[in-house]
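The values are calculated or read from the model by the stated rules, or taken from the named source; none is laboratory data. None of these values were measured; they are calculated from a predicted model. Neighbour counts run over all protein chains shown; Cβ positions are idealised from the backbone, glycine included. Accessible surface areas use protein heavy atoms only, side chains included; no ligands, DNA or RNA. Shrake-Rupley method; radii C 1.70, N 1.55, O 1.52, S 1.80 Å.
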Amino acid sequence: MRKLRIIPAVVILLAIWTAYARESHETPVFDIDKPTILAFFRPSGGINRVESNANDSLSDFQAYLRKANGPLQNAGIEIHEVYARSFRIRIGPTITTYQTKKAGVGYYLVAPGKKPRIEYGVMTDADLIGVAGEYFGLKGK
């Protein structure tokens, strides 16, 4: 009976890893013309490196981001989930490449005319909304 529970978990982890591996070959480019949060979750280096709590981290990352999405969008902030080892940010004619760090999960806050702010680790929805309010200068956030 236990093997039946383990097999679906392994299949799910393999599916997630495959999606990450496929996406990690491309470096996405984001055109920034308004306040934006690029929430990034770095793909693992290989199936042997997948840890049991990586799935929990991903689940928390996605759940908190979903909860924060509505209030942030209502405040005029664009949000993107990024599952790649690096991504590019284009503001006007300038393109910057960001390489995710070993921690591999975090938030890249950026707006035209502002120096980016990078926060590492999984943040709760309340924390993300608070940091966004501070960085983007939102009143009442």
Matching residues, the range 56-66, being loosely packed, with under 15 Cβ neighbours inside 10 Å and touching a helix residue (DSSP H, G or I) at 6+ places or on another chain (Cβ under 9 Å): Ala63, Arg66
Report, ordered by the first and then the second residue, all pairs with beta carbons closer than 8 Å, sequence separation of six or more or different chains, a first member in the range 90-109 that is of a type in the set (Val, Ile, Thr), and a second member that is open to solvent by less than 20 Å² (accessible area, probe 1.4 Å) and in a loop (DSSP other than H, G, I, E, B). Ile91/Ile32; Thr100/Ala84
Residues that are open to solvent by less than 20 Å² (accessible area, probe 1.4 Å) and farther than 18 Å from Asn69 by Cα: find the strands (runs of 3 or more DSSP E) completely inside the range 83-141 holding 2 or more of those. 86-91
What's the number of the only condition in (1) open to solvent by less than 80 Å² (accessible area, probe 1.4 Å); (2) modelled with pLDDT under 95; (3) small (Gly, Ala, Ser) that Ser52 fails to meet? (1)
Please work out if Ala75 is at pLDDT 95 or above and open to solvent by less than 70 Å² (accessible area, probe 1.4 Å). yes
Taking the range 91-141 on its own, how many of its residues are basic (Lys, Arg), at pLDDT below 95 and in contact with a strand residue (DSSP E or B) (Cβ under 9 Å, 6 or more places away or on another chain)? 1
